[in-house]
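Take a look at the structure below.
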Amino acid sequence: MNTLSKIESAVPLPISVDDILAARVRISGSVVHTPTLVSQTLSAMFGCKVYLKFENLQFTAAYKERGALNRLLQLDEEAKGKGVIAASAGNHAQGLAYHGRRLGVPVTIVMPNTTPTVKVTQTQGHGATVVQFGEKFDDAYAHARELEVQQGLTFVHPFDEPDIMAGQGTVALEMLEDAPEIDTLIVPIGGGGLFSGMATAAKAMKPDIKVYGVQAELYPSMYDYIKGANLPCDGDTLAEGIAVKEPGELTRRFVERLADDVLLVSERHLEEAVSLLLQIEKTVVEGAGAAGLAALLTHKELFAGRSVGLILTGGNIDTRLLANVLLRDLARSGRLARLRIILQDRPGALFHVARIFDQEAVNILELSHQRIFTNLPAKGLSLDVECETRDGAHLERLIAALRQVGYEVAPIEVA
């Protein structure tokens, strides 16, 4: 530990469990006390007792409104009259806008010009004034800080403020009161506000509880800080809600002091987790909200035999993106496949192939011939067949049957 770390470790953390208890009193009745439920199926899959906290059932479909409301409720009358400002293209924006309108506090949200229209309209629908500026979040953030000074607004940070952390910590209070047998929490980390609040509350209530942070492999900013690593921090992650390049100055102190470890998860496991939650729990969760389950998929042995609490932090995922995730999961499991079959270009060729699909009880969804843009001989063609099977074994039987009668077959794999 370097000298600076030693000094920081001796400084009291910016919030205590008392701040979180006070936040609960303030926001009670204005946010949903979401259920914490055991998942029998996931528990059997992972060899541990899995509890799910359904924060995707909040009005704005995310936990973020807890911290936003706690911050708004502590503004003085002058600040309430002038209004607040934030830079966000996600759940923080909607939580702040929704509760700002409820309380009569004007809210301005600065978003990059690249923000999807649906997020702009959703935030405007909650009563906020949306200003679009710059191409990246950093541009929007800098412009928000300029407007803060110019217009005398109060800036509300998405994670690096004590009031925000205290509000988010109420999630842990509810979880551990509703399910006191939980001995392990897995908490998604972007900037670290949720982890800071939850770990503070959890360690005060149960000092021996294990609290793990989890980040997407593409955005390991807090992992880099804690581990002294230098992994790249960029890319197009499914978990955009935790895609933060720079951890908070305050929140990193909580993670450094209270985290048992910070884990990384791949995009593939994030996709699988989103799909599992929809199929098994019948609940829609965004990529960041599924990060805890992705950690179970990635580090199954670490949590074996424990009682693990996962927070489904939000459910705001684009419907087309969700459809892609589900279809890709079907493809990886073998229930949906695309096969490339080499044929001779003669009458009846397609009929003979289709007959094998019929014999194996495989449903054909789509066909595509290619005669021109191919390196096959002029009398050859490639046939791409998109088909639906029961599972991977069923698909393998189909491929074996095609090869047995002499067809050259290659599955087109999903990344």
Return the percentage of antiparallel bridges among DSSP beta bridges fully within the chain, rounded to the nearest 5 %.
45 percent
Value of [θ]222 nm, deg cm²/dmol, for the chain, DSSP H segments ≥ 4, -39500 (n - 2.57) each, nearest 500
-13500 deg cm²/dmol
Short version: ³J(HN,Hα) in whole Hz for each residue of the stretch 180-194, in order, from phi by Karplus 6.51 cos²θ - 1.76 cosθ + 1.60 (θ = phi - 60°), x for Gly and Pro, what are they?
x, 6, 4, 10, 8, 10, 10, 10, x, 10, x, x, x, x, 5
Farthest towards the positive end of the dipole of the chain, among 394, 57, 353 and with Cβ unit charges of +1 on Lys and Arg and -1 on Asp and Glu, lies the Cα of 353
Phi angles of the stretch 302-317, converted by Karplus (6.51 cos²θ - 1.76 cosθ + 1.60, θ = phi - 60°) into ³J(HN,Hα) in whole Hz with x for Gly and Pro, give 5, 10, 4, x, 9, 9, 10, x, 10, 10, 7, 5, x, x, 8, 10
So what is the relative contact order of the chain, in percent, for Cα pairs below 8 Å that sit 6 or more residues apart?
15 percent
Given 5 Å bins starting at zero, what is the percent of C-alpha pairs of the stretch 333-411 in each, up to the one with the largest pair distance?
3, 16, 29, 27, 15, 8, 3, 0
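DSSP beta bridges in the stretch 1-157, what fraction antiparallel, as a percent rounded to 5? Could you put the intermediate results ahead of the total?
On the way: 4 of 15 bridges.
Beta bridges within the stretch 1-157, antiparallel portion: roughly 25 percent.
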To the nearest 10 degrees, how steep is helix 392-404 against the longest Cα principal axis of the chain, on a 0 to 90 scale?
20 degrees
What are the ³J(HN,Hα) values, in whole Hz, obtained from phi via the Karplus relation 6.51 cos²θ - 1.76 cosθ + 1.60 with θ = phi - 60°, for each residue of the stretch 67-81 in sequence order, with x given for Gly and Pro?
x, 4, 5, 4, 5, 4, 5, 9, 6, 7, 4, 5, 5, 4, x
Looking at 409, 283, 228, which one has the Cα that reaches farthest to the positive end of the dipole of the chain (charges on Cβ: Lys, Arg +1; Asp, Glu -1)?
409
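Counting other beta carbons within 10 Å of each Cβ, put 226, 342 in order, fewest first. All intermediate terms of the calculation are to be shown ahead of the outcome.
On the way: 226 18, 342 14.
The fewest-first ordering by Cβ neighbours comes to 342, 226.
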How far apart, in nm, are two points set 7 Å out from the Cα along the Cα-to-Cβ line at residue 30 and at residue 146?
3.2 nm
Whole-Å semi-axes of the ellipsoid equivalent to the stretch 84-152 (Cα gyration tensor, √5λ, descending):
18, 15, 8
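Ranked highest first by average number of other Cβ atoms within 10 Å, how do 363-370, 407-414 line up?
On the way: 363-370: 12.0, 407-414: 13.5.
In descending order of packing, they fall as 407-414, 363-370.
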Run the dipole for the stretch 84-152 about the Cα centre, Lys and Arg Cβ at +1, Asp and Glu Cβ at -1, nothing else charged, and hand back the magnitude in debye, nearest 20.
320 debye
Of 119/210; 227/300; 49/227; 53/203, which sit over 27 Å apart, Cα to Cα?
119/210; 49/227
Projecting the Cα atoms of 175, 11, 364 onto the charge dipole of the chain, where Lys and Arg contribute +1 and Asp and Glu -1 at Cβ, the residue farthest towards the positive end is 364
Place the peptides 32-45, 58-71 in order of packing, highest mean first, counting for every residue the other Cβ atoms within 10 Å and averaging per peptide.
58-71, 32-45
Relative packing of 257-266, 174-183, which averages over residues the other C-beta atoms within 10 Å, highest first
257-266, 174-183
Three principal axis lengths of the stretch 1-134 [C-alpha, angstrom, descending]
49, 45, 34
Any idea what % of Cα-Cα pairs in the stretch 183-227 are farther than 17 Å?
32 percent
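Rule-based calculations on the coordinates, nothing more; no lab input. Predicted model only: the values in this text are computed from it and were never measured. Using ideal geometry, Cβ is built from the backbone for each residue, glycine included, and neighbour counts are taken over all protein chains shown.
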